[in-house]
1. (1) closer than 26 Å to ILE240 by Cβ; (2) in contact with a Cys (Cβ under 8 Å, 6 or more places away or on another chain): which one isn't true of SER56, the others all being true?
2. Any residue in the stretch 198-225 that's within 16 Å of GLN50 (Cβ to Cβ) and assigned to a helix (DSSP H, G or I): show its pairings with residues that are at pLDDT below 90 and of a type in the set (Val, Ile, Thr) at Cβ separation under 8 Å, as long as the two are six or more apart or on different chains.
3. Out of LEU19, LEU44, which single residue is surrounded by 16 or more Cβ atoms within 10 Å (Cβ to Cβ), outside any helix (DSSP H, G or I) and touching a residue at least 40 places away in the same chain (Cβ under 8 Å)?
4. Residue under question is PHE204, and the condition is that it be at pLDDT below 90 and in contact with a Phe, Trp or Tyr (Cβ under 8 Å, 6 or more places away or on another chain); does it hold?
5. For the stretch 74-104, which residues satisfy the criterion of being free of Cβ contacts under 8 Å to residues at least 40 places away in the same chain and either of a type in the set (Lys, Arg) or in contact with a Ser or Thr (Cβ under 6 Å, 6 or more places away or on another chain) (or both)?
6. Conditions first: (1) in contact with a Gly (Cβ under 9 Å, 6 or more places away or on another chain); (2) of a type in the set (Gly, Ala, Ser); (3) assigned to a helix (DSSP H, G or I). GLY159 passes all but one, so which condition is the exception?
7. Considering only residues that are surrounded by 14 or more Cβ atoms within 10 Å (Cβ to Cβ) and hydrophobic (A, V, I, L, M, F, W, C), which ones fall in the stretch 252-270?
8. ILE7: closer than 11 Å to GLY222 by Cβ and surrounded by fewer than 19 Cβ atoms within 10 Å (Cβ to Cβ), yes or no?
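The values are calculated or read from the model by the stated rules, or taken from the named source; none is laboratory data. Only a predicted model underlies this, so the values are computations on that prediction, with no experimental measurement involved. Because the Cβ atoms are built from the backbone with ideal geometry, glycine has one as well, and the counts that use them run over all protein chains shown.
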Amino acid sequence: MTIFQSIIIAIIEGITEFLPISSTAHMKFANPFLGITTGHFVDLFEVVIQLAAIASVVVIYRKKFFDFKQLSFYLKLIVAVMPALIFGALLKKHIDAALGNLWVIAIVMLVGGIVLLFIDQLFEKSAAANATDAHQDEISYKKSFIIGCFQVLSILFPGLSRSAATIIGGMSQKLTKKTALEFSFFLAVPTMLAASAKSTLDVFKSNPEVFAKDNLVLLFIGALVAFVVALVSVQFLIRIVQKRGFAIFGWYRIVLGITILTLLYTQYLH
């Protein structure tokens, strides 16, 4: 991977991480176009820049994250992240196989887009009835766990989008769009911390040469770019969802999914 390639992938990650369009799918689709060959370092790079992008949430919501008086906030995140940790460990082989199959990712991208077209109408009444639900402390432990279970769907079906799954999970629990969005942001932090730690440890054990100086430079550049771009992406998502809803992302996913499937079918993409 070159510096140019690392910057492009990091920009893609920063833009797509919090949007309900699957950052993982976009990176997997972009790799062959950029001439990036998959391998241990590329897998590690993708996880690290995802963590860097998600770190932007900690900066934006730093008052919430570092308010140690609100112990329940941290406990709810732990409850919500547990299903992903358990299923992620149990289904690692399935996940790795699915991540390497562009056909699966493209189909999930398409189907997820169709679902997003109807999300606003499906939960419109619940959102209106709970318009005052604007604080994370109103999310119960039960709701936190259920949202965490929705997050598992994004693990089982790469291309679904972690943010889309958790946002839909939040709205299914009668949270407003804003509250569901913010909890999705918060949940991403422990989720990616755990994923990054495990990926780094696994790569270090099996291929310690991956941590050569040149690769560390690429990791640093990618992480920095993803972090800065994600700072803007978070604000963009909040404004768009509140004004236009999720349908715009649904149409985007459908178009991209069909495009990738066509390229795969015609063998322009492998």
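1. (2)
2. SER199/VAL47; THR200/VAL47; VAL203/VAL210
3. Unique residue meeting the criteria: LEU19.
4. When the stated conditions are applied, PHE204 passes them.
5. Within the stretch 74-104, LYS92, LYS93 meet the criteria.
6. (3)
7. ILE254, LEU256, ILE258, ILE260, LEU261, LEU263, LEU264, LEU269
8. Answer is yes for this residue.
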